[in-house]
């Protein structure tokens, strides 16, 4: 499994202010890419552009060397995006929440897969409680269970460590590394310092479009 | 294909539009002034009296052009919105933003002149006449587009939302008009409607035609003028605008 | 052309002509999810119905309890009150999905957003428009609605509220990102409701006069067909705009 997400000359202007400019990216399978920058530097916007949610950018995006506009369908079928908000319905149980995501992803809607995914994020025993009765960290874990539930090579994660306890953070970090090792790719924003790993790359966004990459 | 594309984008460049509109504007202003003057004098002084309504029918020379324009501006606004959404041409959005208040005021003028006309014709300021009712709904549609554009904190999102609403509205306008006409004939089949009239003599409709043309020229001139100032406002940090300001000051 | 090698895209790309089982599954799951959600929060389903009954109660008090007068205005009153009740429930159509992040996820599925939006609108109609239509004859009795028009009243409302849900969902999608979208939503949507109101109330009136309401109902059906064709695309476009805030 190889994958490649490229951006050339990427720039985003929001109401006459450049969030970033002249950004060139080449992300391949096996990498963990951390997007860094101060608040308001456009990290979330960049992730939204790279996950195909915002069409409001200049420059070109390529998925596996095809322009994003043509490859959008294939791109979405390979993408798993977790945003700021967990996307978990308080009135539904974790199992029901995941069933909807399974169906949206085009996976077979099977309960054993869901149970296994919930167990992997430490929610065994909470499957049938309404998500509203779970803590914020547990709700975040329900969202993270989608990483196990729908096998997708490209993960775009916006602040995935929010509200999670220390053990959970370690487990998630380890999960990101195994995903990269098995050929997948992770794009992540976080304030949490990721423990050094040979696959880790950084994209630094500054104020006013001073971007550096290495 | 490539040529058409580059032409469309050239047309859409604010700088190019700013230049071409400067050359076009005086022509439209002159035409508007001449046509409006000629039409008013002819319509108000020389056109014959109406056999039924006397002199009061002359308000038609304001009411009908305003009503025409009110509808045309909504259509132009939706077309500009479509151009903005499909080709991402910002000038189209600026023009649409400038057209909305103008269209709303034209709708208001049409409503007000209709109400004034109602006094001698029906003996009341307001009748639920088919044309007046459609105009009232159109006014609400304009107010919705204006309010929606202003409600977004990000201008770009406001522009897109207003464009979608204008397009939805323009599909609905004929449906609304048709259903209101139908509703009106159902409820007041016998009432005299001011605007659905027997054929007018040429001395009456010729000045009307001139007035309509004059209103259109006025609309184009005002839209060009206001779009130009909007271009300067939105592009004030671009180099060509700063150079322009430097030249003049 | 470089090989496209991620396994899912290969499987799907190679089979362009095949029906995509995924869409039906996704639409069905969305229907089921929204129905479950609303059934667990019954008050959201009941509130529009209570509102409908309350508004109808206000009119005899505000105007006159005279049955003859009420009978003449009943078709219009019932239709206007049902329309407002349907409108009130629209604001919450996409709002909770927007707030908890599900809407983002909905936009990122490989399935067409228009169809998934349509599923949500269908649930809204099923739990708002349809109950309102079923309840209307009851309130008709209270307004001394002439007999013979009750069936048409319920049928015209069931048909008409489907268009109202579709058109209203465009407004709801446009205003979902705004913190106080409620009043603005009414301003955007009400003018667009007028044709449905005219033919809906007209159908009931025609039934009372004994003219036969078939023509009105046919036009209501045509309006519904048009809304079904166009509204889903407008809803999808509006949601994409709103998510960008």
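The values are calculated or read from the model by the stated rules, or taken from the named source; none is laboratory data. From a predicted model like this one, the values you see are computed outputs, not experimental measurements. Glycine also receives a Cβ, built like all others from the backbone with ideal geometry; neighbour counts cover every protein chain displayed.
What the table below lists for this structure:
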quantity	calculated
Among (1) over 18 Å from residue C:92 (Cβ atoms); (2) under 20 Å from the mean Cα position of the chain (by Cα); (3) more than 9 Å from chain B (Cβ to nearest Cβ), the one test that residue C:186 misses	(1)
Selection status of residue A:144, at pLDDT 90 or above and surrounded by fewer than 18 Cβ atoms within 10 Å (Cβ to Cβ)	no
The range B:112-129, subset assigned to a helix (DSSP H, G or I) and surrounded by 22 or more Cβ atoms within 10 Å (Cβ to Cβ), residue modelled with the highest pLDDT	B:114
Residue selected from the range C:172-188 under the condition part of a helix (DSSP H, G or I) and surrounded by fewer than 24 Cβ atoms within 10 Å (Cβ to Cβ), by the criterion modelled with the lowest pLDDT	C:182
Index of the failed condition, residue A:57 passing every other in (1) farther than 28 Å from residue B:231 by Cα; (2) touching a helix residue (DSSP H, G or I) at 6+ places or on another chain (Cβ under 7 Å); (3) more than 9 Å from every other protein chain (Cβ to nearest Cβ)	(1)
Failed item in (1) within 14 Å of the chain's Cα centre (by Cα); (2) surrounded by 18 or more Cβ atoms within 10 Å (Cβ to Cβ), with residue C:225 passing the rest	(2)
So residue B:161, is it under 30 Å from residue B:14 (Cβ atoms) and free of Cβ contacts under 8 Å to residues at least 40 places away in the same chain	yes
From C:169, C:133, C:144, C:74, residue being in a loop (DSSP other than H, G, I, E, B), within 25 Å of residue C:55 (Cα to Cα), at pLDDT 90 or above and more than 14 Å from chain A (Cβ to nearest Cβ)	C:144
Residue A:24 being surrounded by fewer than 19 Cβ atoms within 10 Å (Cβ to Cβ), under 24 Å from residue A:183 (Cα atoms), away from chain C (no Cβ under 12 Å) and in contact with a strand residue (DSSP E or B) (Cβ under 7 Å, 6 or more places away or on another chain)	yes
Any hit, the range C:138-154, residues being within 23 Å of residue A:97 (Cα to Cα) and in contact (Cβ under 8 Å) with a residue 24 or more places away in the chain	no
Helices (runs of 4 or more DSSP H) (entirely within the range A:33-104) containing at least 3 residues that are touching a strand residue (DSSP E or B) at 6+ places or on another chain (Cβ under 9 Å) and free of Cβ contacts under 8 Å to residues at least 24 places away in the same chain	A:68-76
Looking only at the range C:203-222, and only at residues there that are in contact (Cβ under 8 Å) with a residue 60 or more places away in the chain and either facing chain B (nearest Cβ under 10 Å) or touching a helix residue (DSSP H, G or I) at 6+ places or on another chain (Cβ under 9 Å) (or both), the one that is surrounded by the most Cβ atoms within 10 Å (Cβ to Cβ)	C:204
Residue satisfying all of: in the range A:79-103; over 21 Å from residue A:129 (Cα atoms) and modelled with pLDDT under 90; surrounded by the most Cβ atoms within 10 Å (Cβ to Cβ) among these	A:83
Conditions (1) at pLDDT 90 or above; (2) within 14 Å of chain C (Cβ to nearest Cβ); number of the one not met by residue B:99	(2)
Extreme residue, nearest to the other protein chains (Cβ to nearest Cβ), among residues of the range C:84-97 that are within 21 Å of residue C:234 (Cα to Cα) and surrounded by 21 or more Cβ atoms within 10 Å (Cβ to Cβ)	C:97
Candidate set from the range B:154-168 (those that are assigned to a helix (DSSP H, G or I) and facing chain C (nearest Cβ under 7 Å)); member that is surrounded by the fewest Cβ atoms within 10 Å (Cβ to Cβ)	B:157
Which numbered condition residue A:128 misses (of (1) more than 9 Å from chain C (Cβ to nearest Cβ); (2) under 28 Å from residue A:21 (Cα atoms); (3) in a loop (DSSP other than H, G, I, E, B))	(2)
